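The block underneath contains the structure these notes are about, expressed in structure tokens.
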Amino acid sequence: MAPSATESAPLQADNTPQTQIGLSGKVIAITGANRGIGLGIAECCLSNGAAKVYSIDIGEAGDEFAAVSKRFPGQLFAVTANVTEESTITAAIDKIIDEAGALHGMVVNAGRTHHKAALDFTKEDIETLFNVNLFGAFYTARAAARAFIKLGIKGSVVFTASMASYRPNKRVPSTPYGASKAGVRNMTHTLAMEWAQYGIRVNSVSPGLVKTAMTYWVPQQPDWEQQLKYYGGFPRLAEVQELGGAYVYLLSDAASYTTSIDIPVNGVIGRRTVETTYWERTW
């Protein structure tokens with residue numbers, strides 16, 4: 001039984017847990033979804049039954065967005081906002097609710113990356129990364145939570161973190177980027193604790209090497225094949241759509257008791273260097 005536009009239904013009509021993973025009837029917003037990972041998540045949400053998906057992005061939607069929109073007519077939309085300005089995020093969410101009647105899930109995905117030695121970062125470089133990746137993520141999550149509470153919806157917030165939040169990449173270091181994404185994972189746990197009283201779930205996904213416009217140069221390195229042997233795991237970058245399953249699960253009612261976790265989606269690459277898992281730390 002699908003939830004109405006103004007409520008989320010983590011339990012079925014007979015009060016048993018939902019066992020099917022799907023997004024039937026749900027309205028999902030994704031920051032930074034005009035392209036790249038965000039658009040791949042949007043595509044997966046729509047393929048798994050989402051009623052409507054809204055991209056909240058500062059830029060213009062291009063051909064990639066148009067192609068996905070054509071496959072899902074009347075279901076994929078773009079709203080303009082700047083995640084570093086909380087008032088614009090709030091306005092975008094208000095617009096989505098006015099048009100769609102509800103908001104059930106927010107994917108906090110907008111981000112920037114910049115790879116160079118720590119001694120070479122300028123003050124502007126650092127502030128730009130933190131403003132988008134960390135402060136913008138907090139503003140977006142908080143605006144979504146306020147909307148969920150106002151609507152009485154037990155919504156889901158899913159952050160896009162990164163495997164760089166676990167460990168540095170020796171070949172392409174970025175101290176500010178890794179630190180900002182580590183902050184996102186910490187924020188995930190803290191907000192999950194704070195917002196559990198409202199039935200709001202907060203989780204994150206940590207992608208590894210993903211084929212996007214920001215990583216086009218990775219497989220072009222002359223020693224790329226040797227790097228893959230060093231890292232281990234699948235000898236390729238992920239397609240953006242391969243991340244979507246983790247987000248769909250966390251947004252779905254099947255995850256009604258799942259909160260405060262991070263799901264690495266990295267093809268094993270780099271995972272062997274993460275010395276302790278959640279269970280090893282807590283049991």
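The values are calculated or read from the model by the stated rules, or taken from the named source; none is laboratory data. Predicted model, so just to flag it, every value in this text is computed and none were measured. Here the Cβ positions follow ideal geometry from the backbone for every residue, glycine too, while neighbour counts run over all protein chains shown. Just the protein is used for accessible areas: all its heavy atoms, side chains included, with ligands, DNA and RNA removed. Shrake-Rupley method; radii C 1.70, N 1.55, O 1.52, S 1.80 Å.
Note on residue 80 and residue 189: the extension gain reaches 36.4 nm, defined as 0.36 nm multiplied by sequence separation minus the Cα-Cα distance. Taking 18 Å as the limit for the C-alpha separation, the pairs 26/70; 95/154; 52/181; 95/150 exceed it in the case of 26/70; 95/154; 52/181. In this entry, segment 97-155 is assigned a mean projected area of 5.0 nm², taken as a quarter of its C-alpha convex hull surface.
Within segment 50-85, the GluC sites (Glu not before Pro) that combine a DSSP coil assignment with at most 15 other C-beta atoms in a 10 angstrom radius are 60, 85.
When you count the other C-beta atoms within 10 angstrom of each residue and take the mean per peptide, 36-47, 192-203, 97-108 line up highest first as 36-47, 97-108, 192-203.
What you get for segment 66-134, charging only the Cβ of Lys and Arg (+1) and of Asp and Glu (-1), is a dipole of about 400 debye around the Cα centre. The accessible-area ordering, largest first, of the residues 52, 26 stands as 52, 26, per a 1.4 angstrom probe.
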